[in-house]
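Every number in this text was worked out from the coordinates using simple rules, so none of it is lab data. The structure presented is a predicted model; accordingly, all values stated were derived computationally and were not measured. Every residue, glycine among them, receives a Cβ derived from its backbone with ideal geometry; neighbour counts consider all protein chains shown.
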Amino acid sequence: MTRTRWYRAALIAMALIAMGAIGFGIGRMGGGGEQAATAEEQLWTCPMHPDYITDRPGSCPICGMDLVPMERGGETAAGGESDGAMAETVEGLSTVHLTEAKRQLSGVTTVEAQVRGVHPTVETVGIVKADETSMRTVNAKVGGWVERLFVDFEGAQISAGQPMLTIYSPQLHQTQQEYVAALGAQARLASSEFPEVARTGRQMVESAERRLRLWDIPQSDIDRLRRGGEPRRTMTLYAPVSGIVVNRMVEAGMEIKPGAPLLHVADLSSVWVEADIYEQDLNLVEPGQIATVTFAAYPGESWNGRIEYVYPYLEGQTRTMKARLSLQNPGGKLKPEMYGEVRLAGSEGHVLAVPADAVINTGERRIVYVEAQERVYEPREVETGAETDGWVEVLSGLNEGDKVVERGLFMIDSESRLRAAVPGTSAGSQEHSDAHE
């Protein structure tokens, strides 16, 4: 019996030792896993650049500040807080919660979206162009050879009736001779007792004179022939219009054919200004709008005009539409191809608007941060319209009375992007005391 009892006692002791060993091993395994998990989850960030996150302590490569540990599920050393996942209203951004202490420290303020009376304006650039409706091409109406050229350079100012060139033309010379002969025949036949004969003499004179006029021979030269003058070898052609010679296609000594272009002339007493209108401003521009144009060459001066025409297409390279206005140009101060600053004034309207500083324009979208609850700021994508007097129209995404962040906006945006980028740091509702801040 004694031997049997000792045997049972030994078995019990061995079982207790084995259970202790297994428990100790499990505890070590559990503790090591927790430590590994803790070490694996520990991240570090920069207080000034919360977008920079690393798994090792050190210095921020941007500003050189010491990195601070980021605590999962709670608040970072930089002051952010989180209690788990909340639904993100905008892709890549997350709702941000701030304690009262951090809100005051960050200087975050809000302003309400409100309906305001606005005077939308469009400010853009324009280029001075010649008025195409006043441009003329001077053509040769008779063939011949240019003996002398009076308008011999581009940019010359010419006036209607000014000598343009002298031409030797066999046709002109022959028509002068015919005109002189017709005048003599008319004088001889005028005393005929037959009316048909006298009428024939008059018709010959009228026919020759009409040809000279159609070839732009001035009346003074025709009157000289009528008074008994001799036909001239060369005739002078005169400018039919006034303006600036923008293109000259004739040279002295050149042979010209009937219908050949000689000069392109632009009247610059009034000019066009073609303004570039960007796509977002297309609905703000229409014919009849008043525009003010200023030029760097004439500080303190401005020209007023109205939109005469809005072109129905966009320029492929600049993605802008042209709006044309006409300006009076006394003294020719405005030169073609000059740049000017154009300001278009729209009609007054009432729209929902927020301060322009409250909107973040990423290029692809426009973001505001709305105070959904006290010290709880959620991102919201909005569609904006015209901007005037520091306020921007909100077409969609906000309601009247919504509070949007105005000051401290970029701190809120950085915090939001950080929480959305790092899993487990999204904003929650857990409050930390001001003492902890």
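Across region 264-269, in residue order, what do the Karplus-derived ³J(HN,Hα) couplings come to in whole Hz, using 6.51 cos²θ - 1.76 cosθ + 1.60 with θ = phi - 60° and x for Gly and Pro?
Once rounded to whole Hz, the list reads 10, 10, 10, 8, 9, 5.
With a Förster radius of 41 Å, plug the Cβ-Cβ distance of residue 133 and residue 226 into 1/(1 + (r/R0)^6) and report the FRET value to the nearest 0.05. Before the final figure, lay out the partial values.
Working: r = 38 Å, r/R0 = 0.93.
Here the calculated transfer efficiency is 0.60.
Any idea how far apart residue 197 and residue 185 come out in nm if each label point goes 7 Å out from Cα toward Cβ?
Output for this residue pair reads 1.4 nm.
Which far-off residues, 5 or more places away or on another chain, put their amide H under 5 Å from the one on residue 165, with H placed in the peptide plane?
Long-range HN contacts for residue 165: 150, 237.
Quick one: order 391, 272 by neighbouring beta-carbon count within 10 Å, fewest to most.
Numbers: 391 18, 272 23.
In increasing order of surrounding Cβ atoms, one gets 391, 272.
What FRET efficiency comes out for residue 306 versus residue 150 if R0 is 45 angstrom and r is the Cβ-Cβ distance? Round to the nearest 0.05.
Numbers: r = 39 Å, r/R0 = 0.86.
Efficiency, rounded to the nearest 0.05: 0.70.
Have a look at region 140-264 and give its Rg and Dmax from the Cα atoms, expressed in angstrom.
Just the Cα atoms of region 140-264 yield Rg and Dmax of 17.2, 60 Å.
Name the long-range amide H neighbours of residue 44: under 5 Å, sequence gap of 5 or more, or other chain; modelled H, no Pro or chain starts.
Answer set, sorted by chain and number: 54, 55, 56, 70.
Each residue of region 291-298 in turn: what ³J(HN,Hα) in whole Hz from Karplus with 6.51, -1.76, 1.60 and θ = phi - 60°, glycine and Pro shown as x?
Taking θ as phi minus 60°, the curve returns 10, 10, 10, 10, 10, 4, 6, 10 Hz for region 291-298.
Roughly how many Å is it from the Cα centre of region 198-212 to that of region 88-112, as a whole number?
Using only Cα atoms, the two centres lie 96 Å from each other.
What does the highest-first list of 362-370, 196-204, 54-62, 376-384 look like by mean Cβ count within 10 Å? Provide the component values of the computation, followed by the final result.
Values: 362-370: 16.1, 196-204: 14.2, 54-62: 11.7, 376-384: 19.7.
The peptides rank, most packed first, as 376-384, 362-370, 196-204, 54-62.
Given N residues in region 252-304, what is its alpha carbon radius of gyration divided by 2.2 N^0.38 Å? Present the calculation step by step, with values, prior to reporting the outcome.
Numbers: Rg = 19.8 Å, N = 53, 2.2 N^0.38 = 9.9 Å.
So region 252-304 has a normalised radius of gyration of 1.99.
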